[in-house]
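Undergrad: Please read through the structure below; I'll follow up with questions.
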Amino acid sequence: MKKIIVATAVLAAFSASAFAAAVPVTNINAGETKVAAEYSLSKKTAQDTKRKDGFGVSAQQGISDNLAAQYSFNKVHRTGTDIKDHQLAGAYAVHPNINVYGAGTYVDMGPKQNGFGYQAGVIGHTQLADKIEGFAKVGFGNDIKGTYQVGASYGLRPDIDLNVYYQYDQYNMNQNKTDVKGLHAGVGYTF
């Protein structure tokens, strides 16, 4: 019950904020919950000449030692209408350093440019140094055509990690295409 209350409070506090994307599910442990918030330092969209910032949140739950679920909400600021991206994903560890994932998505890019979709892909992760884990993610789908992510997490404490990564997303909603790319930084809390 304590985990549910903490996760709900963190997500509620940040869900009305701006944008980011979620750090992918890397280490999967049964019963482990992780909440995270990421800030987009320098976001660039196809419609904007100036870089934008933003924010996002995620929550992940280890269901077994090789299966986890993750929900993320992201909001991309851009000229005109913002992009709001909800994703519910399941990740499965096929190897100690490789996870595959499938996700249901809901993307809202403005009037008549929203809908449900899917995405699937692979996540690779490995220890780069003591307390530093590198990760890369590649995913493809129908409304988010392509996702590419590369970054690293630093274990500040056993229950707190800091992360930084670069992400590129290609959105396609009702023939409206836009690319979003940029640098992200955030913090995760595991309990």
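Undergrad: Within the set of pairs 6 or more residues apart or between chains, which connect a residue that is under 25 Å from residue 40 (Cβ atoms) and assigned to a strand (DSSP E or B) inside the stretch 53-69 to a residue that is open to solvent by 20 Å² or more (accessible area, probe 1.4 Å) and among the acidic types (Asp, Glu) with Cβ atoms less than 8 Å apart?
TA: Listed pairs, sorted by first residue: 61/32.
Undergrad: Out of everything in the stretch 60-116 that is open to solvent by less than 30 Å² (accessible area, probe 1.4 Å) and at positive phi, what residue ends up being modelled with the highest pLDDT?
TA: 115
Undergrad: Could you list, ordered by first residue, the pairs with Cβ atoms under 9 Å in which the first is in the stretch 27-52 and open to solvent by 60 Å² or more (accessible area, probe 1.4 Å) and the second is of a type in the set (Phe, Trp, Tyr) and at pLDDT below 75, at least 6 apart or interchain?
TA: Filtered contacts from the stretch 27-52: 39/19; 52/19.
Undergrad: Anything in the stretch 135-151 that is without any contact (Cβ under 8 Å) to a residue 40 or more places away in the chain, open to solvent by 10 Å² or more (accessible area, probe 1.4 Å) and assigned to a strand (DSSP E or B)? List them, or say none.
TA: Across the stretch 135-151, the qualifying residues are 136, 138, 140, 141, 145, 148, 150.
Undergrad: If only one of 171, 166 is farther than 14 Å from residue 38 by Cβ and not acidic (Asp, Glu), which one is it? Write out each step before concluding.
TA: Values: 166 fails: farther than 14 Å from residue 38 by Cβ.
171 is the lone residue from the list that is farther than 14 Å from residue 38 by Cβ and not acidic (Asp, Glu).
Undergrad: Please work out which residue is nearest to residue 110 (Cα to Cα), limiting yourself to the stretch 152-182 and to residues that are in a strand (DSSP E or B), open to solvent by 70 Å² or more (accessible area, probe 1.4 Å) and touching a residue at least 60 places away in the same chain (Cβ under 8 Å).
TA: Restricting to residues being in a strand (DSSP E or B), open to solvent by 70 Å² or more (accessible area, probe 1.4 Å) and touching a residue at least 60 places away in the same chain (Cβ under 8 Å), the top hit is 177.
Undergrad: Please tell me if residue 127 is free of Cβ contacts under 8 Å to residues at least 60 places away in the same chain, assigned to a strand (DSSP E or B) and on the phi < 0 side of the Ramachandran plot.
TA: For residue 127, the condition - free of Cβ contacts under 8 Å to residues at least 60 places away in the same chain, assigned to a strand (DSSP E or B) and on the phi < 0 side of the Ramachandran plot - is met.
Undergrad: Name every residue in the stretch 58-98 that is hydrophobic (A, V, I, L, M, F, W, C) and touching a helix residue (DSSP H, G or I) at 6+ places or on another chain (Cβ under 9 Å), in order of residue number. It would help to see each step written out before you state the result.
TA: Going through the stretch 58-98, the residues hydrophobic (A, V, I, L, M, F, W, C) turn out to be 59, 63, 67-69, 73, 76, 83, 88-89, 91, 93-94, 98.
Result: 59, 73.
Undergrad: Also: Return yes or no: is residue 119 open to solvent by 60 Å² or more (accessible area, probe 1.4 Å) and part of a strand (DSSP E or B)?
TA: For residue 119, the condition - open to solvent by 60 Å² or more (accessible area, probe 1.4 Å) and part of a strand (DSSP E or B) - is not met.
Undergrad: Can you say whether residue 14 is under 16 Å from residue 85 (Cα atoms) and modelled with pLDDT of 65 or more, as far as the supplied structure shows?
TA: Working: under 16 Å from residue 85 (Cα atoms): yes; modelled with pLDDT of 65 or more: no.
For residue 14, the condition - under 16 Å from residue 85 (Cα atoms) and modelled with pLDDT of 65 or more - is not met.
Undergrad: May I pose another question? Answer with yes or no whether residue 185 is surrounded by fewer than 16 Cβ atoms within 10 Å (Cβ to Cβ) and small (Gly, Ala, Ser).
TA: In short, yes.
The values are calculated or read from the model by the stated rules, or taken from the named source; none is laboratory data. Nothing here was measured: the structure is a model prediction, and the numbers come from that model. Glycine gets a Cβ as well: all are built from the backbone with ideal geometry, and neighbour counts include every protein chain shown. Keep in mind that these areas ignore ligands, DNA and RNA; they rest on the heavy atoms of the full protein, side chains included. Shrake-Rupley method; radii C 1.70, N 1.55, O 1.52, S 1.80 Å.
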